[in-house]
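One structure is given below, encoded as structure tokens.
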Amino acid sequence: MQNLNSESLFERSKKIVPGGVHSPVRSFKGMDQAPIFFKKAEGAYLTSVEGKSYVDFCQSFGPLILGHRDPEVQEAVLEMIDTAWTFGACEPYSLELAEWISEELPWMEKLRFVSSGTEAVMSALRVARAATGRSKILKFDGCYHGHVDSLLVQAGSGLAGEASSSSAGVPAETAQQTLVIPLDSEEKLESVFAREGSQIAAVIIEPLPANYGLLEQRKEFLQKVCAVAKKHGTLVIFDEVISGFRVALGGMVEVTGLIPDLVTYGKIIGGGFPVGCYGGRKDLMDLVAPLGPVYQAGTLSANPVGMRAGLVTLKKMKRENGWVKLHERTQAFSLALQKGFAKNSLDLQVENFASLFWIHNSAGAKIRTVEKIPTNQAPSFKKLFLKGLKNGIYLAPNAYEVGFVSLAHSAEILAESAQKIIEAACE
Ligand SMILES: Cc1ncc(COP(=O)(O)O)c(C=O)c1O
């Protein structure tokens with residue numbers, strides 16, 4: 001690790017890895033600088049290979065709600081590794097996590113662990129299609145559900161709801177099975193169901209859309225989604241890969257009181273290891289193999305290291321009243337930013353929900369749809385991001401990604417960081 005620098009590592013990486021990265025958002029695309037290579041992480045901090053320290057507001061895009069290398073999680077992981085790190089057979093570790101989740105989240109009558117959020121979503125869609133005998137899926141513009149073929153789609157230019165693939169390699173026939181409508185529009189929702197309701201197996205939504213900015217939805221809209229779907233025999237899938245165990249123990253299901261048919265989780269549920277989960281109504285989950293006809297499997301599914309990390313993370317959050325603390329700290333942090341931006345007459349706003357935040361530059365009403373995001377969001381964020389880096393602040397390297405606060409971000413760290421972000425914005 002001696003004498004390494006991010007630029008030369010990125011050059012080396014680009015020779016053997018597409019774009020030099022293993023997931024596109026890590027690439028600092030549009031930032032006019034090589035991504036920082038990190039060698040170490042602890043609590044709220046990341047250390048680059050050059051030895052510079054940053055307050056990390058990305059936290060691996062959400063899984064690390066306790067921060068990096070939480071000592072309790074670390075102990076559980078080391079203990080597990082000392083015991084075994086995969087069985088490919090039955091073991092009690094996943095059972096413990098499954099039972100804990102099902103007890104805390106009564107709507108998770110039955111569940112299955114997988115290895116990523118994408119897998120969880122893909123599997124939930126398959127169950128919904130099998131249960132309804134229908135093939136179409138309805139999604140909302142601005143919601144991301146992983147890189148499953150049928151959800152890598154964008155609103156088409158033709159009939160409202162029509163979609164085309166947003167990635168090369170997704171067959172047009174697959175994209176045509178997905179309908180896309182804007183968030184926050186009861187009218188579009190009603191009209192797509194009036195036209196195609198009998199063919200829609202499932203409507204999938206991030207109940208707190210947090211992948212294209214932070215687009216908090218009105219509760220009435222979410223209620224309408226559930227009600228219209230029910231009327232048409234369509235299943236509702238809440239994708240809580242980000243919001244699950246983040247905004248509250250019970251995620252947005254707890255916050256809204258709305259119970260979907262199926263829910264997908266990821267990120268926090270594995271405590272920083274690759275874990276996803278889908279589950280919900282028992283009658284639906286009983287369709288999954290080996291009990292039922294829906295095939296879904298995984299060599300490393302319910303990996304015991306992730307199971308232990310996840311359970312210790314969740315238990316610690318509950319014991320420490322972590323969600324309330326996080327909410328309070330993030331709210332104070334967001335307010336400090338907002339005040340600092342206003343005091344310096346800066347054209348920046350902070351959106352905050354629980355321990356998520358997003359900085360944008362629209363002064364108007366709350367942004368609930370993609371088209372309301374200001375067109376200069378990207379250049380404005382780039383400036384803030386690069387100056388923030390100089391000040392030791394690491395925001396997720398993309399204008400549309402939210403910021404994540406962890407329990408390792410103390411009130412002091414947050415107050416200091418707010419000051420540094422305001423200074424960066426003023427430069
Ligand atoms: C809401 C949502 N669903 C699904 C996914 C995909 O999860 P993964 O990246 O673990 O495959 C993500 C990832 O960010 C997500 O935010």
Checklist outcome for this item: Considering only strands (runs of 3 or more DSSP E) wholly within the stretch 270-379, the ones with at least 2 residues that are surrounded by fewer than 19 Cβ atoms within 10 Å (Cβ to Cβ) and in contact with a helix residue (DSSP H, G or I) (Cβ under 9 Å, 6 or more places away or on another chain) are none
Item to check | Those residues of the stretch 180-207 which are of a type outside the set (Gly, Ala, Ser) and under 15 Å from Val370 (Cβ atoms), in sequence order | outcome: Val180, Ile181, Pro182, Leu183, Asp184, Lys188, Ile205, Glu206
Next on the checklist: Checking Tyr144 against (1) surrounded by fewer than 22 Cβ atoms within 10 Å (Cβ to Cβ); (2) more than 24 Å from Gly257 (Cα to Cα); (3) within 13 Å of the ligand (Cβ to nearest atom), only one condition comes out false. Which one?
Outcome noted: (2)
Checklist entry - Considering Val121, Val180, Val192, which residue is assigned to a helix (DSSP H, G or I) and within 16 Å of the ligand (Cβ to nearest atom)? => result Val121
Checklist entry - Restricting the stretch 6-53 to residues that are under 30 Å from Val73 (Cα atoms) and of a type in the set (S, T, N, Q), which is farthest from the ligand (Cβ to nearest atom)? => result Ser53
Checklist entry - If you go through the stretch 229-246, how many residues are in a loop (DSSP other than H, G, I, E, B), more than 10 Å from the ligand (Cβ to nearest atom) and buried (at least 24 other Cβ atoms within 10 Å of the Cβ)? => result 3
Checklist outcome for this item: Those residues of the stretch 338-359 which are more than 23 Å from the chain's Cα centre (by Cα) and not polar (S, T, N, Q) amount to Lys339, Gly340, Phe341, Ala342, Lys343, Leu346, Asp347, Leu348
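Every number in this text was worked out from the coordinates using simple rules, so none of it is lab data. Keep in mind that this is a model prediction, so the values were computed, not measured. As a convention, Cβ positions derive from the backbone with ideal geometry for all residues, glycine included, and neighbour counts pool all protein chains shown.
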